[in-house]
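S.K.: Take this structure first; my questions come after.
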Amino acid sequence: MELLSGGDILIRALKDAGVKDVWGYPGGAALHIYDALYRQDDVFHILVRHEQAAVHAADGFSRATGEVGTALVTSGPGATNAITGIATAYMDSIPMVVISGQVPLSKIGQDAFQETDMVGVSRPIVKHSFLVTRAEDIAETIAKAYYIASTGRPGPVVVDIPKDVTDPSYKVAYEWPTETKMRSYQPTDKGHRGQIKRAVKTLLGAKRPVIYTGGGIVIDNAAEHLIALAKKLNFPVTNTLMGLGGYPGTDQQYLGMLGMHGTYEANTAMHHADVIFAVGARFDDRVTNDLEKFCPHATIIHVDVDPTTVSKNIEAHIPIVGTCTSVLTEMLSIAEQLDIEPDAEALAEWWQQIDQWRADKGIYTESRYEPSSGTCIKPQDVIKMLYKITGGEAIVTSDVGQHQMFAAQYYLFDKPRMWINSGGLGTMGFGLPAAMGCKRAFPDTDVACVTGEGSIQMCIQELSTCTQHNLPVKIINLNNAALGMVRQWQDMNYSSRYSESVYEDSLPDFVKLAEAYGHVGMKITHLDELEEKMRECFAMKDRTVFMDICVDRSEHVYPMQVPGGSMRDLWLNKTERA
Amino acid sequence: MKRIISILLENESGALSRVVGLFSQRGYNIDTLTVAPTDDDTLSRLTLTTQGDDHMAEQIVKQLHKLIDTIKVVDLTVGPHIERELMLVKLKASDNDIRAEVKSCVEIFRGTIVDVTPNTYTVQLAGDSEKLDAFIEAVREIGIMEVVRSGVSGIARGDKFLRV
Ligand SMILES: Cc1ncc(C[n+]2csc(CCOP(=O)(O)OP(=O)(O)O)c2C)c(N)n1
Ligand SMILES: [Mg+2]
């Protein structure tokens, strides 16, 4: 058997775990590992400019591909810089392994230089973590880490490795475990058959059903199963922010996003539903509004792979614990066996009602927002233009704020893994590094980062990574010269007292900034330039382009749920309430 | 209501801190906690008590189960079970009347006096938490110097058992 050092074992184990790319940043405690990386060609390392970005990039890669993303950081500040990225992945159940260097075992607990208790600091935001204490344990730990990260409800796993464990002078036999089994970890797969049958019968008897799906459909690659069932039943479907693309955005049965900034038609349909079929969604507070007033008439069927999610916020009448794919597959086959058809008459009436809502105050009706003109470019129209020019085929990452909501509302995602955003943690700074991860995974696909001048500045340094590693992403900066979403809340709740949400005079010249990094910068101030410039931007296939687009500063995101109300209590614009 | 939750846990570094961390992270209280390796030293058995309604207890059990290191979790309170706690109490006992009173109290509660000095008695008592509380009340007037309680250990009655 081959004898290898801990550092070499780690890299070999990564290769055997199927890892091709590692996003990272070196430092003292990780130097043996970096030396091992240098001496091989199997695992490619991408040097970022901040550890937060390494984790977001690995995360973006994972969301776009479904594979486990990998980040590598050093101890102390490297590890703590990674924390925001780990928390982001944790909240959205993204499979990821973060490897951190640690001070040598003998120094742990001594307040050594760059010592941080990484396992302790990351504990509440990881699916699991390991502190490796022997070179002999590295391969098995890495195998377990990837297994845990990617199975059940996925999530980030931290592997903390003290420097002496990767010491080049200590060599041990390398063996990649053929099988990973853990007596304490056996994720559920198939749901309870009796419950599934009950659920199918309830669905078939429904008169005003809504299928409400979330990120679980995307993560579990269950979109096709969802489409098959929704088509068979002819039920309306709404997606959460995390679930966009899980059901085709352009399909007639699609009601748009639900929740705080969800469509009038989706939220109103939810409120009046008699059966709600929730799959891979978690009744988040950004969806339900006031729990007491949530969907008063509905029988709730809840499918999720994580038992703690089921009946956590809303008591499910029919709880089912299982993966989205397995449960939906079984439901379809049961629906086909049962000799019951959905109530066509009731459904026709329900659809008529829904179409009425759509026509009255639907998200795509003319009157949702004032049209753009001249130098007043509406952010919504920028997203519509992006959709038009990319043919709906781009991977769109976003940051957090108004621009994120406009992107979610107006870019119609027909396929999963095309919409990449930090839904759970709402992390500004996510968009650009996540776009890098996506571009790395799909070099031939257009990758657009829809961002704001606030968010982009939280990880702007990654423009340098784009240069070094040739990651030609397109940055669509909806520049409203403010922390727009904060300002919107201040308009609505604090009599427009803009406490620390404006900084107009100090914004950088983004065109020069892009150029300083070797990229192309464009500034758009007039509607007439928008289409042509954006076409130019996407025609430059091998360049990173920063489009700084000055949008209407006074625009708010609507609809918006009225705090403390039910799903359907919405502001439709600054003066109109539903 | 009071809940007694039993957990079979991998006896690994960090495992206990994950259990404890979960409680503070999710806003649950831990009233008592006991933990020790079992006959199989790769496993720890942990008993903790907390307060909560059915919904909360269900969530706690599910959340505990979700931790990668936990092998089995049960809420003992839902079925017949045995609850035991060990207590050591050091009492002021210098004059003879008081010494006699303590002795009779210890007898009534089926405890034992495990250490004696001219000025103190140290009493050992095992039982459910209510019994220990009652003893404390009974001797409070006498003068308690120190109380050490182990926290609750629990086991289900009958044929049910928690094992891998
Ligand atoms: C790291 C971080 N800090 C603070 C916030 C709170 N926050 C949410 S949206 C927002 C404003 C974002 O501004 P910008 O990126 O310009 O987007 P806009 O809303 O203007 O489109 C802020 C500060 C956050 N989500 N993330
Ligand atoms: Mg802004």
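S.K.: Of the residues A:Ala278, A:Ala273, A:Ala206, A:Ala223, which is among the small types (Gly, Ala, Ser) and touching a His at 6+ places or on another chain (Cβ under 6 Å)?
M.R.: So the residue among A:Ala278, A:Ala273, A:Ala206, A:Ala223 that is among the small types (Gly, Ala, Ser) and touching a His at 6+ places or on another chain (Cβ under 6 Å) is A:Ala278.
S.K.: Looking only at strands (runs of 3 or more DSSP E) that fall completely inside region A:122-199, which ones have 2 or more residues that are within 31 Å of the chain's Cα centre (by Cα)?
M.R.: Output list reads A:128-131, A:156-162.
S.K.: Only one of these is without any contact (Cβ under 8 Å) to a residue 40 or more places away in the chain and more than 10 Å from chain A (Cβ to nearest Cβ): B:Asp53, B:Asp39, B:Asp75. Name it.
M.R.: The unique qualifying residue is B:Asp39.
S.K.: Kindly indicate whether any position in region A:446-463 is touching a Cys at 6+ places or on another chain (Cβ under 7 Å) and either of a type in the set (Phe, Trp, Tyr) or more than 16 Å from ligand 2 (Cβ to nearest atom) (or both).
M.R.: For region A:446-463, residues touching a Cys at 6+ places or on another chain (Cβ under 7 Å) and either of a type in the set (Phe, Trp, Tyr) or more than 16 Å from ligand 2 (Cβ to nearest atom) (or both): present.
S.K.: Next question. Can you find a residue in region B:115-133 that is away from chain A (no Cβ under 14 Å), in contact (Cβ under 8 Å) with a residue 40 or more places away in the chain and under 30 Å from A:Arg123 (Cα atoms)?
M.R.: no
S.K.: Which pairs have Cβ atoms under 7 Å, sit 6 or more apart or on different chains, and link a residue in region A:434-447 that is assigned by TED's automatic domain parsing to the domain that holds A:Ala394 and more than 12 Å from A:Ser62 (Cα to Cα) to one that is modelled with pLDDT under 95 and in a helix (DSSP H, G or I)?
M.R.: none
S.K.: State all residues of region A:80-109 that are of a type outside the set (A, V, I, L, M, F, W, C) and open to solvent by 20 Å² or more (accessible area, probe 1.4 Å); if no residue qualifies, say none.
M.R.: A:Thr80, A:Asn81, A:Thr84, A:Tyr90, A:Pro104, A:Ser106, A:Lys107, A:Gly109, listed by residue number.
S.K.: Would you check which residues across region B:56-66 are more than 8 Å from chain A (Cβ to nearest Cβ) and open to solvent by 10 Å² or more (accessible area, probe 1.4 Å) and list them?
M.R.: Hits for region B:56-66 are B:Met56, B:Val61.
S.K.: Output the number of the condition that A:Ala448 fails; it satisfies all remaining conditions of (1) part of a helix (DSSP H, G or I); (2) touching a Lys or Arg at 6+ places or on another chain (Cβ under 7 Å).
M.R.: For A:Ala448, the exception is condition (1).
S.K.: Name the single residue that is most open to solvent (accessible area, probe 1.4 Å) among those in region A:110-133 being more than 9 Å from chain B (Cβ to nearest Cβ) and out of contact with any strand residue (DSSP E or B) (no Cβ under 8 Å at 6 or more places or on another chain).
M.R.: A:Phe113
S.K.: So, one more: Take the conditions touching a Lys or Arg at 6+ places or on another chain (Cβ under 8 Å), exposed (fewer than 11 other Cβ atoms within 10 Å of the Cβ) and outside the structural domain of B:His65 (by TED's automatic domain parsing) and apply them to B:Glu137. Does it pass?
M.R.: So B:Glu137 fails the test.
S.K.: May I pose another question? Got a sec? Which of A:Leu425, A:Leu432 is modelled with pLDDT of 95 or more, within 12 Å of ligand 1 (Cβ to nearest atom) and assigned to a helix (DSSP H, G or I)?
M.R.: Criteria check complete, one pass: A:Leu432.
S.K.: For residues that are surrounded by fewer than 15 Cβ atoms within 10 Å (Cβ to Cβ) and more than 14 Å from chain A (Cβ to nearest Cβ), scanning just region B:1-36, find the one that is nearest to A:Ile125 (Cα to Cα).
M.R.: For region B:1-36, the residue satisfying everything is B:Asn29.
S.K.: Just checking, does region A:450-465 include any residue being touching a residue at least 60 places away in the same chain (Cβ under 8 Å), within 18 Å of the chain's Cα centre (by Cα) and under 16 Å from A:Gly245 (Cβ atoms)?
M.R.: Taking every residue of region A:450-465 in turn, at least one turns out to be touching a residue at least 60 places away in the same chain (Cβ under 8 Å), within 18 Å of the chain's Cα centre (by Cα) and under 16 Å from A:Gly245 (Cβ atoms).
S.K.: Restricting attention to region A:98-109, which residues are within 14 Å of chain B (Cβ to nearest Cβ) and touching a strand residue (DSSP E or B) at 6+ places or on another chain (Cβ under 9 Å)?
M.R.: A:Gln102, A:Leu105, A:Ile108
S.K.: Going by the conditions given, is B:Ile68 at pLDDT 95 or above and either among the small types (Gly, Ala, Ser) or in contact with a Gly (Cβ under 7 Å, 6 or more places away or on another chain) (or both)?
M.R.: Judged against the criteria, B:Ile68 is not a match.
S.K.: Every residue in region A:532-578 that is touching a strand residue (DSSP E or B) at 6+ places or on another chain (Cβ under 6 Å), over 30 Å from A:Cys295 (Cα atoms) and of a type in the set (Phe, Trp, Tyr), please.
M.R.: Hit for region A:532-578 is A:Phe546, nothing else.
S.K.: In addition: For region A:427-485, give me each residue that is open to solvent by less than 10 Å² (accessible area, probe 1.4 Å) and of a type in the set (Lys, Arg).
M.R.: A:Lys474, the sole residue that qualifies.
S.K.: Which pairs have Cβ atoms under 6 Å, sit 6 or more apart or on different chains, and link a residue in region A:21-45 that is open to solvent by less than 10 Å² (accessible area, probe 1.4 Å) to one that is among the acidic types (Asp, Glu)?
M.R.: Sorted first by the residue in region A:21-45, then by its partner, the pairs are A:Ala36/A:Asp8.
S.K.: Going through region A:377-400 one residue at a time, which ones are hydrophobic (A, V, I, L, M, F, W, C) and within 16 Å of ligand 2 (Cβ to nearest atom)?
M.R.: Answer for region A:377-400, where residues must be hydrophobic (A, V, I, L, M, F, W, C) and within 16 Å of ligand 2 (Cβ to nearest atom): A:Ile377, A:Val382, A:Ile383, A:Val400.
S.K.: Mind telling me which of the residues A:Pro307, A:Pro296, A:Pro342 ends up being within 14 Å of chain B (Cβ to nearest Cβ) and more than 30 Å from A:Thr525 (Cβ to Cβ)?
M.R.: A:Pro307
S.K.: Which residues, counting only those in region B:145-164, are outside any loop (DSSP other than H, G, I, E, B) and either open to solvent by less than 40 Å² (accessible area, probe 1.4 Å) or more than 25 Å from B:Gln51 (Cβ to Cβ) (or both)?
M.R.: Answer for region B:145-164, where residues must be outside any loop (DSSP other than H, G, I, E, B) and either open to solvent by less than 40 Å² (accessible area, probe 1.4 Å) or more than 25 Å from B:Gln51 (Cβ to Cβ) (or both): B:Met145, B:Glu146, B:Gly154, B:Ala156.
S.K.: Just give me the residues in region B:83-101 being open to solvent by 50 Å² or more (accessible area, probe 1.4 Å) and either within 10 Å of chain A (Cβ to nearest Cβ) or not in a helix (DSSP H, G or I) (or both), in sequence order.
M.R.: Once the filter is applied, which keeps residues that are open to solvent by 50 Å² or more (accessible area, probe 1.4 Å) and either within 10 Å of chain A (Cβ to nearest Cβ) or not in a helix (DSSP H, G or I) (or both), region B:83-101 yields B:Arg84, B:Leu86, B:Leu88, B:Lys90, B:Lys92, B:Ser94, B:Asp95.
S.K.: Another question, if that's okay. Return the only residue of A:Leu244, A:Leu203 being aliphatic (A, V, I, L, M) and within 24 Å of A:Val562 (Cβ to Cβ).
M.R.: Criteria check complete, one pass: A:Leu244.
The values are calculated or read from the model by the stated rules, or taken from the named source; none is laboratory data. These numbers come from a predicted model, not from an experiment. Because the Cβ atoms are built from the backbone with ideal geometry, glycine has one as well, and the counts that use them run over all protein chains shown. Quick note on the areas: whole protein, heavy atoms, side chains included, nothing else; ligands and nucleic acids left out. Shrake-Rupley method; radii C 1.70, N 1.55, O 1.52, S 1.80 Å.
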